[in-house]
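Structure record follows, encoded as structure tokens.
The values are calculated or read from the model by the stated rules, or taken from the named source; none is laboratory data. Keep in mind that this is a model prediction, so the values were computed, not measured. So basically every Cβ, Gly included, is an ideal-geometry build from the backbone, and we count neighbours across all protein chains shown.
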Amino acid sequence: MADPTPTAPPPATHDAGEPIAEHRSRMRVTIDTVLRNRLAVIGLVVLALLVLAAIFGPTIAPYDINDINIADRLQGLSSSHWFGTDELGRDVFSRVLVGARVSLTVGFIAVGIAVVIGVPIGLVSGFYGGATDSWLMRLMDILFSLPAILLAIAILAVLGPGIVNAMIAIGIVYTPIFARITRGSVLTVKESVFVRAARSLGATDTRILRSHILPNVVAPIIVQTSLSLAFAILAEAALSFLGLGVQPPEPAWGRMLSEGRGFFQQAPWMAIFPGLAIVITVMAFNFVGDGLRDALDPQQRSVIESRGVG
Amino acid sequence: MTNYVLRRFGQMMLALLGVSVIVFALIHLVPGDPIRVALGTRFDPDTYAALSERAGLDRPIVVQYFAWLGSALTGDLGVSFRSGQPVTTLLLERLPATITLAFAALFVAIVVSIPLGIVSAIRSGSKLDYASTAASQVGVSVPDFWAGIMYILLFALALSWLPPSGYVSILDSPIDWLRHLALPAVTVGLISGSILFRFVRSAVLEALHQDYTRTARAKGLSEREVITRHVLPNAWIPIITVVGLQLGFLLSGVIVVEVIFAWPGLGRLALLSVQDRDFTVLQGAVLLIAAMFLVINLIVDVLYAYVDPRVRY
């Protein structure tokens, strides 16, 4: 341990055992490792394209997504309608493109909710231990013991269907995973020399948690975030497919799939393309997540991986 | 060992109790009068009075919870606000279809993933390994309902090999039962198999790199003996756990697939009860599904302790 000056503690972000230079080089190594992973790079490129589609979708789409044109209904694939048209004559390609916005928004916000609730629970639980820990973890176990999609449906039964409620429901469903992962990492970090040093310097619990423990448990949380995004997008698609998530006329992929079901035989493209969009998005997040895991946290076996998908 | 089983059982009961509180809270968190909501346009004062009396919604909430819990323990989960039928009857009617689908899907998953996972690990880096790893990557990324729709498009509509949906009891016609079961079982089984494959492959790979495997080779055992006597017995343990966990998910998590294939299981019942706002049925379904899930997890844990002589509790 370097000689900390008791009167003037170093800046909050990287004191005690984490010099700036080492921090930067570690990040550099992580980025290099991820970039050497071909699948992760493919995932990143696909995600970048999806984000572009989500932002500029409505501007670059060849047709207005709500442009109803009954004369052109259920048209097959053609140069004017790449992915055909739906039962109202709307352009499926445009709707799939704009649908990226819904999927990504729901995915990011839902996982954001899970991180914002789950990480503090894990931090507190792991740091304080004792009764707080056992009550919080029991609660998380109970939530975890309910199958993901069933819990989401039950929450939506109470809150009512809709895009905002779907995000809340998915967020609650994935909260226990973040709480558990964070808690596990806190348990290993909290006995470290730098934490004891900070404590002996008189740092408060909040300060220790924020400045010393949190930065050291971020790696597994980042990995889990990426993998959870994949599952959140699948969950949103399932809920929208069931009519509990995004409501019409908003173009969500899951919703488009369920609308396509009625026109299986005449217009299979209505179901094929939104589904492919989901598969590609989920794969991209999985690739990036796996790449990040290899780089940041090779020991971790994702809890979520054994959890299956609803 | 007995102590361990008892402790795990106690934990499971505690979790189940927690689930029961959440499930019970469901009905009370819904805005408005749940019975009025459920009856909707078919509102009739007599039915309303009868259902309210039965549900006892005017009593203090703690009293209601214990009354509900007490009846639930004796198998009485109340009556459906919609049809007036006992919830337990409705659930028991749907249970066989769900169990059938879960085991059929698990069968598909095991048959595909275990041999492929073992071979992929032994010949890691080969074309087969590469192809099956890629396939499992697709498998875990495909939404089950979309895969189901694609199979219906291909096998039922385009090729007319199998019926697109529905359920036939095995007692009525074993062949029709199997024909109806095939597509939903493959839909769920291949996704579950993709998850299982990753675990089998990594468990076998890990065992292949252990010291005991090197020793076995050094001793001059044939590769076949090394694998069957040293690698596989050690790889089984994590695999059993994941198979068990998958069974738990299959019993509980195939709601959307049941909907697509009009499969009369618990998941579809739960969804219909949400759409009908029939909350007693939803409560019952969630409770039963969670209970099955917890019991299977308990069995998996105990089995794990039993098969692994290194695990001491």
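Laid out as a table, the results:
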| item | result |
| --- | --- |
| Residue ID - farthest from B:Leu251 (Cα to Cα), chosen from residues in the range B:52-99 that are of a type in the set (A, V, I, L, M) and in contact with a strand residue (DSSP E or B) (Cβ under 7 Å, 6 or more places away or on another chain) | B:Val79 |
| Any hit, the range B:261-269, residues being at the interface with chain A (Cβ under 9 Å from one of its Cβ atoms), closer than 20 Å to B:Ile191 by Cβ and crowded, with 22+ Cβ neighbours inside 10 Å | yes |
| B:Leu171 vs. criteria without any contact (Cβ under 8 Å) to a residue 24 or more places away in the chain, of a type in the set (A, V, I, L, M) and in contact with a helix residue (DSSP H, G or I) (Cβ under 8 Å, 6 or more places away or on another chain) | no |
| Only listed residue being under 23 Å from B:Phe24 (Cα atoms) and of a type in the set (Lys, Arg), chosen from B:Arg198, B:Arg214, B:Arg268, B:Arg224 | B:Arg268 |
| Given (1) touching a Pro at 6+ places or on another chain (Cβ under 6 Å); (2) surrounded by fewer than 23 Cβ atoms within 10 Å (Cβ to Cβ), index of the condition A:Val193 fails | (1) |
| Residue under evaluation B:Ile296, criteria (1) within 9 Å of another protein chain (Cβ to nearest Cβ); (2) within 13 Å of the chain's Cα centre (by Cα), criterion not met | (1) |
| Every residue from the range B:234-272 that is free of Cβ contacts under 8 Å to residues at least 40 places away in the same chain, within 20 Å of A:Ala235 (Cα to Cα) and assigned to a helix (DSSP H, G or I) | B:Ile255, B:Ala270, B:Leu271, B:Leu272 |
| Inter-residue pairs, beta-carbon under 9 Å, first more than 8 Å from chain B (Cβ to nearest Cβ) and touching a residue at least 60 places away in the same chain (Cβ under 8 Å) and in the range A:126-150, second surrounded by 14 or more Cβ atoms within 10 Å (Cβ to Cβ) and not in a helix (DSSP H, G or I), 6+ apart | A:Gly126/A:Lys190; A:Phe127/A:Lys190 |
| Residues of the range B:57-101 that turn out to be more than 23 Å from B:Ser20 (Cβ to Cβ) and assigned to a helix (DSSP H, G or I), as a count | 4 |
| Filter pass, B:Leu250 being touching a Ser or Thr at 6+ places or on another chain (Cβ under 9 Å), within 14 Å of chain A (Cβ to nearest Cβ) and of a type outside the set (Asp, Glu) | yes |
| From A:Arg138, A:Arg101, residue being surrounded by fewer than 21 Cβ atoms within 10 Å (Cβ to Cβ) and modelled with pLDDT under 85 | A:Arg138 |
| Qualifying position, being away from every other protein chain (no Cβ under 14 Å), buried (at least 23 other Cβ atoms within 10 Å of the Cβ) and within 20 Å of the chain's Cα centre (by Cα), among A:Ile153, A:Ile181, A:Ile163 | A:Ile181 |
| In the range A:254-271, residue farthest from A:Phe108 (Cα to Cα) [restricted to those that are at the interface with another protein chain (Cβ under 9 Å from one of its Cβ atoms) and buried (at least 19 other Cβ atoms within 10 Å of the Cβ)] | A:Pro268 |
| Filtered residues of the range B:155-168 (kept if of a type outside the set (Ser, Thr, Tyr), surrounded by fewer than 16 Cβ atoms within 10 Å (Cβ to Cβ) and modelled with pLDDT under 90) | B:Leu157, B:Ala158, B:Leu159, B:Gly166 |
| Yes/no for A:Leu239 being modelled with pLDDT of 85 or more, more than 8 Å from chain B (Cβ to nearest Cβ) and farther than 23 Å from B:Gly248 by Cα | no |
| One residue from B:Leu221, B:Leu245 being at the interface with chain A (Cβ under 10 Å from one of its Cβ atoms) and either surrounded by fewer than 18 Cβ atoms within 10 Å (Cβ to Cβ) or not hydroxyl-bearing (Ser, Thr, Tyr) (or both) | B:Leu245 |
| Residue within the range B:157-171 that is of a type in the set (A, V, I, L, M), within 14 Å of chain A (Cβ to nearest Cβ) and part of a helix (DSSP H, G or I) present | yes |
| Hey, A:Arg28 at pLDDT 80 or above and among the basic types (Lys, Arg) or not | no |
| Those residues of the range A:187-246 which are farther than 25 Å from A:Val173 by Cα, free of Cβ contacts under 8 Å to residues at least 12 places away in the same chain and assigned to a helix (DSSP H, G or I), in sequence order | A:Thr188, A:Arg196, A:Arg199, A:Ser200, A:Thr206 |
| Identity of the residue in the range A:61-84, without any contact (Cβ under 8 Å) to a residue 60 or more places away in the chain and under 22 Å from A:Val279 (Cα atoms), that ends up surrounded by the most Cβ atoms within 10 Å (Cβ to Cβ) | A:His81 |
| Scan of the range B:183-214 for residues that are without any contact (Cβ under 8 Å) to a residue 24 or more places away in the chain and either more than 13 Å from B:Val231 (Cβ to Cβ) or part of a helix (DSSP H, G or I) (or both), ordered by number | B:Asp211, B:Tyr212, B:Thr213, B:Arg214 |
| Unmet requirement for A:Ala277, which otherwise passes all of (1) over 25 Å from B:Ala135 (Cβ atoms); (2) touching a residue at least 24 places away in the same chain (Cβ under 8 Å) | (1) |
| Where a residue in the range B:297-311 is modelled with pLDDT under 80 and of a type outside the set (Gly, Ala, Ser) and its partner, wherever it lies, is surrounded by fewer than 15 Cβ atoms within 10 Å (Cβ to Cβ) and assigned to a loop (DSSP other than H, G, I, E, B), with Cβ under 9 Å and at least six apart | B:Tyr304/B:Val311; B:Tyr306/B:Met1 |
| From the options B:Thr89, B:Thr98, residue that is at pLDDT 90 or above and within 13 Å of chain A (Cβ to nearest Cβ) | B:Thr98 |
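So that you can scan it fast, the table gives a plain yes or no per residue for (1) in contact with a Phe, Trp or Tyr (Cβ under 9 Å, 6 or more places away or on another chain); (2) surrounded by 23 or more Cβ atoms within 10 Å (Cβ to Cβ); (3) modelled with pLDDT of 85 or more; (4) within 12 Å of another protein chain (Cβ to nearest Cβ):
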position: A:Phe231; (1), (2), (3), (4): yes, yes, yes, yes
position: A:Glu250; (1), (2), (3), (4): no, no, no, no
position: A:Ile278; (1), (2), (3), (4): yes, yes, yes, yes
position: A:Phe285; (1), (2), (3), (4): yes, yes, yes, yes
position: A:Asp290; (1), (2), (3), (4): no, no, no, yes
position: A:Gln299; (1), (2), (3), (4): no, no, no, no
position: A:Ser302; (1), (2), (3), (4): no, no, no, yes
